[in-house]
Amino acid sequence: MLKIKKNGHILVVRLTGEVDHYASLQMRKEIEEQLKDRAVDRLVLDFSDVTFMDSSGVGMIIGRYKTMTARGGQVTACGLHPPVDRLFHMAGLHRIIDVEPSGRQG
């Protein structure tokens, strides 16, 4: 499940629950729909309410990263709980995505 909020050129997406294969597919569709607005140049992914994430979530994030960088935009993640933070590091996401410590962005 997602809670999406636009603030000017910033799209804030609060992910909730499990970010697994099924959820990732739905999240990808909803985020891509919002990213059709070419004025959006920053995507903030808030993981504060994420209880689980697997490699499908990593793939979904990388896809949105590619979408944003192709248009000169930026992706930021925040609110990473320790298990999600570990997955970010194992997948190398922290090298390409800015990570902010606090969550509840939207």
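The values are calculated or read from the model by the stated rules, or taken from the named source; none is laboratory data. Computed from a prediction, not measured in an experiment: that's the story for all the values here. Please note: Cβ atoms are built from the backbone with ideal geometry, for glycine as well, and neighbour counts cover all protein chains shown. With ligands, DNA and RNA removed, areas are computed over all heavy atoms of the protein, side chains included. Shrake-Rupley method; radii C 1.70, N 1.55, O 1.52, S 1.80 Å.
Determine which single condition Asp98 fails, assuming it passes every other condition in (1) open to solvent by less than 70 Å² (accessible area, probe 1.4 Å); (2) of a type in the set (D, E, K, R); (3) closer than 21 Å to Lys3 by Cβ. In the conditions (1) open to solvent by less than 70 Å² (accessible area, probe 1.4 Å); (2) of a type in the set (D, E, K, R); (3) closer than 21 Å to Lys3 by Cβ, Asp98 misses (1) alone.
Inspect the stretch 66-76 for any residue being of a type in the set (D, E, K, R) and in contact (Cβ under 8 Å) with a residue 24 or more places away in the chain and give the result as yes or no.
yes
From the list Val75, Val84, exactly one residue is assigned to a strand (DSSP E or B) and crowded, with 16+ Cβ neighbours inside 10 Å. Which is it?
Working: Val84 fails: assigned to a strand (DSSP E or B).
When all the criteria are applied, what remains is Val75.
Is one or more of the residues making up the stretch 31-39 of a type in the set (Asp, Glu), within 14 Å of Arg14 (Cα to Cα) and modelled with pLDDT of 95 or more? Checked against the condition, which is being of a type in the set (Asp, Glu), within 14 Å of Arg14 (Cα to Cα) and modelled with pLDDT of 95 or more, the stretch 31-39 yields no hits at all.
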